[in-house]
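Written out below as structure tokens is the structure these notes cover.
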Protein chains: 4
Amino acid sequence: MGAAAGDEVTGDKPVAVVIGATSKWQADGRNTRLAHGGDVDDSQLPVSARWGIGGAIAQRFAREGFHVVLTTRQAANAAALEAAIREQGGACSTVELDLVSEDSINGAFAAIEASVGPPEVLVLNAGYLEGRDLPPEQELLEYIPVEMFDTAQHIASRGPFLVAKAVMPGMRERGRGSFLITNNAASLRGRRRRTGQSLYYPRVMMRTLAQVLTEEYSEYGVHVANVVIDGLIDSPGTRALPIAQQRPEIVMNPAAIADAFYYLHTQDRSCWTHELQLTPYSTTPSY
Amino acid sequence: MGAAAGDEVTGDKPVAVVIGATSKWQADGRNTRLAHGGDVDDSQLPVSARWGIGGAIAQRFAREGFHVVLTTRQAANAAALEAAIREQGGACSTVELDLVSEDSINGAFAAIEASVGPPEVLVLNAGYLEGRDLPPEQELLEYIPVEMFDTAQHIASRGPFLVAKAVMPGMRERGRGSFLITNNAASLRGRRRRTGQSLYYPRVMMRTLAQVLTEEYSEYGVHVANVVIDGLIDSPGTRALPIAQQRPEIVMNPAAIADAFYYLHTQDRSCWTHELQLTPYSTTPSY
Amino acid sequence: MGAAAGDEVTGDKPVAVVIGATSKWQADGRNTRLAHGGDVDDSQLPVSARWGIGGAIAQRFAREGFHVVLTTRQAANAAALEAAIREQGGACSTVELDLVSEDSINGAFAAIEASVGPPEVLVLNAGYLEGRDLPPEQELLEYIPVEMFDTAQHIASRGPFLVAKAVMPGMRERGRGSFLITNNAASLRGRRRRTGQSLYYPRVMMRTLAQVLTEEYSEYGVHVANVVIDGLIDSPGTRALPIAQQRPEIVMNPAAIADAFYYLHTQDRSCWTHELQLTPYSTTPSY
Amino acid sequence: MGAAAGDEVTGDKPVAVVIGATSKWQADGRNTRLAHGGDVDDSQLPVSARWGIGGAIAQRFAREGFHVVLTTRQAANAAALEAAIREQGGACSTVELDLVSEDSINGAFAAIEASVGPPEVLVLNAGYLEGRDLPPEQELLEYIPVEMFDTAQHIASRGPFLVAKAVMPGMRERGRGSFLITNNAASLRGRRRRTGQSLYYPRVMMRTLAQVLTEEYSEYGVHVANVVIDGLIDSPGTRALPIAQQRPEIVMNPAAIADAFYYLHTQDRSCWTHELQLTPYSTTPSY
């Protein structure tokens, strides 16, 4: 549908939109259920880590005085995050948006603009888990069903293109804005998919789009960046994984990732960074 | 449709399939007509240059004893090339194939296998020209119509994925084969599109696919490579361009490009190259 | 020689060492004199910009409570910067250090450790201008005198190796420290030298060293990063250049660059960045 | 010293110079002795594999009608290779050349030019093994002695610069020539050194030099290329290693590597390749 649920008058708060604000690894997320066979308890986690990167970025920008718009395919998924931000005194609303649909994307941005104003900051955090549950004997690309490829391409390539078409004209006209992409190391080059991994090679297109937009829109004052989050992100679902239990030093703090996004947004425009890689100290950076 | 037009019994000739064997820049090609307002005369050109890279590669593999299958969306486009190969004593047939359609791709490969046998060499040479005629005031990505993006993505991303699904299982089972992609410098990273250029950033996905397939299929004896053709290729339509008239030293010889493809195919498997860039001596290599 | 000039007891202030803290482009710098035929007046510039990046970084870390050690080949060059930092209430001292000499490097670090303690932060900011005044007819590599190459290699390759040998063991043993390199776009790959440019291809080795040290020392808690400063940095000498007068939007603010260094130093160790590129909004990022 | 040992009149044979034509892994090579405790018997190896890449390239160019000049620090090291080439009917001579010394380099090229004429092809194949025998507890960069770094830098950075200064002016004036570098995967980026490996990060400079020379000299008709040999090369010393015995499919055929060099030299100048990576089919390409 696409109506902004938060009704308070936002006055002149700047707007930050987080696309895909919820997490596959939140307490009741899809990956959490896939990996653990059901929901997990997140009450022991700091609130900054309960909804992965999207949630941490949303909380951080809210704390800095932004009205944060969470987008998700189903508003109910974001209810707990929205409540948490409001409890922290932040301004927040939720809009349904499905990256597969051009109408959904355009409708959502029209609704956002009408209710809280145009985005100052756009964080593209949509993910997918297609491929993750293919069995070991179907590791090769030839076993990827076409529907799986199509979904990956919608989230990683066509959807981001449509979002750029929706928000870049306004940012260009206003002469400012940040368009920030959360990505992973799979975006750096094509690699073989290992059993248990998603079909991530289309994420290279998110990085490529960032490169295109950087060259095209920087001179208009719009800051584009691809952020390569090069490790396992703390969240209810990942913290419960055996690997995270055994090697806690490889787990990345979402609040620190959110710091990086806020740092990028506030960089002096004489010194913009267009790709930022974040790697735990205990691991070798991907390339 | 997808029926192989060449009817001779091929006996045990190895098969090379050239997808997109005709050229946008051939005497009656789409780009030729766009740039010159009509067909051009190609009788002064060496036959190796009349159909761009696809035609030169087809002629080269035919000369080396392959049965060459030309694929094109409309068989009539390839008739002159097929005739030329036959005149040179080569074995050749034409199959219609549209990269936008999974059925067309699968049908074409079924027809090829039934008529001449499975491909030993697959050259992915499909191109597109979407974006090339956008006016200067529509240079930015926000002006790219969605349909244009979708076409680019079909040719550069989804189509190649489908072709890989169609041919890699057989190559893997036979323990040999070459899967070679003709690409350009736009595949190396995202760049701004300049007026007169096609929407080429999705070509990064062709290179990324080559990287994935290289990691996945090399050990099975299948040689995958992305070839970056880093300049203007000689052909009826390009030779007539002002830039080629003024700076003939920047024009690349398609027969020499075809040599590179044949060299790749014949490399000893202890020494495989998976990316090959070709640049005219007179210009600085792209990166 | 290598004695620390600042005599105050530093108590438990952490130590930041800036190698090459002065600027070729400061009011009386070598490049300034080369480009403008003499000294320039810097009284109109903010104090943060008077000594280029090295000076800005030194001031920033001093403001954050560090005892800053400036190194330079001749202490007199750093006197004005040291005075400025003291005026701002910062703790600062100067040590002579010549990257060409292993003895000088080792002596300087021994003196620093003895007087103020081991470095928590090491910023490698040494530069050179060899090649900059070769005439247009000597643009090619064949015209570079061997002595010029040797100097470039001392500053960009051998000197940084020696500095790493001097400081990494201590940082490794203490389990913390930042080793940050200021570099430029020439470090990203080999390029042709244009008239007026320095012989910068050896700077690739500074970046390569950062990659080596990142892989080797991160797990010990030492944060290594190569910072690619991708444009013209504001300073007395550069601000007076015609290009900077005509296109002020391409000039980078050294205080903002210093922010980036401080951000890197303070990153949570679960989210370290090992290469950071900074580009003015008005220009296309180098690669 | 630097006198050409082969005295026959070469008439108009083109000249190919192979710097470092012998191998650390030949039957009596330094690495062979280090790894196996003495010389090995090479009588079972094809003659093309007895002196590694340098020997295979030398034999290949001799077979193609070149007068091949072998350079080595001590002429005796190349005697067996020179004899083998002569037995095959090839023209060959040996010149002593030490990359550490500018005088040695310049003297050697003067002697070559005087005796057989200027080089049409220059292959830079010098290697070193510094670092290979450091014990496991000295794996980190801090344990690399300065002398070891200096040797690596002479072979990988300063020596190649001096060779370029010696041969590029002539190639530029004649409007033709190939300057080809044999390199390995360590040249692609800085990596941690593992026990048993040489200090290879300075090899990045050989690649960088190739990039500089490519940009500067291509337009003059001089073809520069960096060849990344991405695996274990067959030779008397390597074939006897346990890893090569257990996994023969990872061993690269030097004759096939030599084919790649000859292919590069004969590429049409409208289609030059400036970096060529060669990887065994059974392994994942380095990057």
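Points to keep in mind about this one:
- Evaluated against (1) surrounded by 23 or more Cβ atoms within 10 Å (Cβ to Cβ); (2) free of Cβ contacts under 8 Å to residues at least 60 places away in the same chain, D:Glu139 falls short on exactly one condition, (1).
- In region B:173-193, the residues that are without any contact (Cβ under 8 Å) to a residue 12 or more places away in the chain and closer than 17 Å to A:Thr214 by Cα reach residues that are assigned to a helix (DSSP H, G or I) and among the charged types (D, E, K, R) with C-beta atoms within less than 8 angstrom, at least six apart or across chains, in these pairs: B:Arg191/A:Glu215.
- Scanning region A:212-238 for residues that are touching a helix residue (DSSP H, G or I) at 6+ places or on another chain (Cβ under 8 Å), assigned to a helix (DSSP H, G or I) and touching a residue at least 60 places away in the same chain (Cβ under 8 Å) returns A:Pro236, A:Gly237, A:Thr238.
- Checking each residue in region B:22-41 for being of a type outside the set (Lys, Arg) and assigned to a helix (DSSP H, G or I) picks out B:Asn31, B:Thr32, B:Leu34, B:Ala35, B:His36.
- Any hit, region A:148-158, residues being surrounded by fewer than 17 Cβ atoms within 10 Å (Cβ to Cβ), at pLDDT 95 or above and closer than 13 Å to A:Pro118 by Cα: no
One line per residue, one yes/no per condition, for (1) among the polar types (S, T, N, Q); (2) within 18 Å of D:Ile233 (Cβ to Cβ); (3) touching a residue at least 40 places away in the same chain (Cβ under 8 Å):
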{"site": "D:Asp12", "(1), (2), (3)": "no, no, no"}
{"site": "D:Asp42", "(1), (2), (3)": "no, yes, yes"}
{"site": "D:Trp51", "(1), (2), (3)": "no, yes, yes"}
{"site": "D:Arg63", "(1), (2), (3)": "no, no, no"}
{"site": "D:Thr71", "(1), (2), (3)": "yes, no, yes"}
{"site": "D:Ala83", "(1), (2), (3)": "no, no, no"}
{"site": "D:Val95", "(1), (2), (3)": "no, no, yes"}
{"site": "D:Ala108", "(1), (2), (3)": "no, no, yes"}
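- In this structure, D:Ala84 does not satisfy being closer than 15 Å to D:Val18 by Cβ, in contact with a strand residue (DSSP E or B) (Cβ under 6 Å, 6 or more places away or on another chain) and of a type outside the set (S, T, N, Q).
- Test: A:Ala186 is touching a Lys or Arg at 6+ places or on another chain (Cβ under 6 Å) and away from chain B (no Cβ under 14 Å): no
- Region C:168-181 - residue that is more than 9 Å from chain D (Cβ to nearest Cβ) and touching a Gly at 6+ places or on another chain (Cβ under 9 Å) and, of those, nearest to C:Glu102 (Cα to Cα): C:Gly170
- Every listed requirement among (1) surrounded by 23 or more Cβ atoms within 10 Å (Cβ to Cβ); (2) within 21 Å of the chain's Cα centre (by Cα); (3) away from chain B (no Cβ under 14 Å); (4) without any contact (Cβ under 8 Å) to a residue 40 or more places away in the chain is met by A:Cys271 save one, (2).
- Residue check, D:Pro285 within 9 Å of chain B (Cβ to nearest Cβ), in contact (Cβ under 8 Å) with a residue 40 or more places away in the chain and either touching a His at 6+ places or on another chain (Cβ under 9 Å) or surrounded by 23 or more Cβ atoms within 10 Å (Cβ to Cβ) (or both): yes
- Scanning region B:144-164 for residues that are touching a helix residue (DSSP H, G or I) at 6+ places or on another chain (Cβ under 8 Å) and among the acidic types (Asp, Glu) yields one hit, B:Asp150.
- Qualifying residue in region D:240-249 (condition: surrounded by 20 or more Cβ atoms within 10 Å (Cβ to Cβ) and at the interface with another protein chain (Cβ under 9 Å from one of its Cβ atoms)): no
- Test for C:Gln44: is it of a type outside the set (Val, Ile, Thr) and in a helix (DSSP H, G or I): no
- Unmet criterion (only one of (1) part of a helix (DSSP H, G or I); (2) at pLDDT 95 or above; (3) touching a helix residue (DSSP H, G or I) at 6+ places or on another chain (Cβ under 6 Å)) for C:Leu199: (1)
- Scan of region A:258-287 for residues that are outside any strand (DSSP E or B) and of a type in the set (Val, Ile, Thr), ordered by number: A:Thr266, A:Thr273, A:Thr283, A:Thr284
- Set side by side, the residues A:Ser198, A:Ser235 differ, and just one is surrounded by 20 or more Cβ atoms within 10 Å (Cβ to Cβ), farther than 22 Å from D:Arg189 by Cα and away from chain B (no Cβ under 14 Å), which is A:Ser235.
- Residues considered: B:Gly54, B:Gly29, B:Gly65. Of these, the only one that is in contact with a Gly (Cβ under 7 Å, 6 or more places away or on another chain), at pLDDT 95 or above and closer than 25 Å to B:Ile181 by Cβ is B:Gly54.
- When restricted to residues that are more than 9 Å from chain A (Cβ to nearest Cβ), farther than 14 Å from B:Pro202 by Cα and within 16 Å of the chain's Cα centre (by Cα), region B:131-166 contains 1.
- If you go through region D:252-268 and pick out every residue that is of a type in the set (A, V, I, L, M, F, W, C) and within 7 Å of chain B (Cβ to nearest Cβ), you end up with 4.
- Condition check for A:Ala126 on (1) crowded, with 23+ Cβ neighbours inside 10 Å; (2) within 12 Å of chain B (Cβ to nearest Cβ); (3) more than 21 Å from B:Gln211 (Cβ to Cβ): one failure, at (2).
The values are calculated or read from the model by the stated rules, or taken from the named source; none is laboratory data. Everything quoted here is computed from the prediction, not taken from an experiment. Don't worry about glycine lacking a Cβ; one is built from the backbone with ideal geometry, like all the others, and counts go over all protein chains shown.
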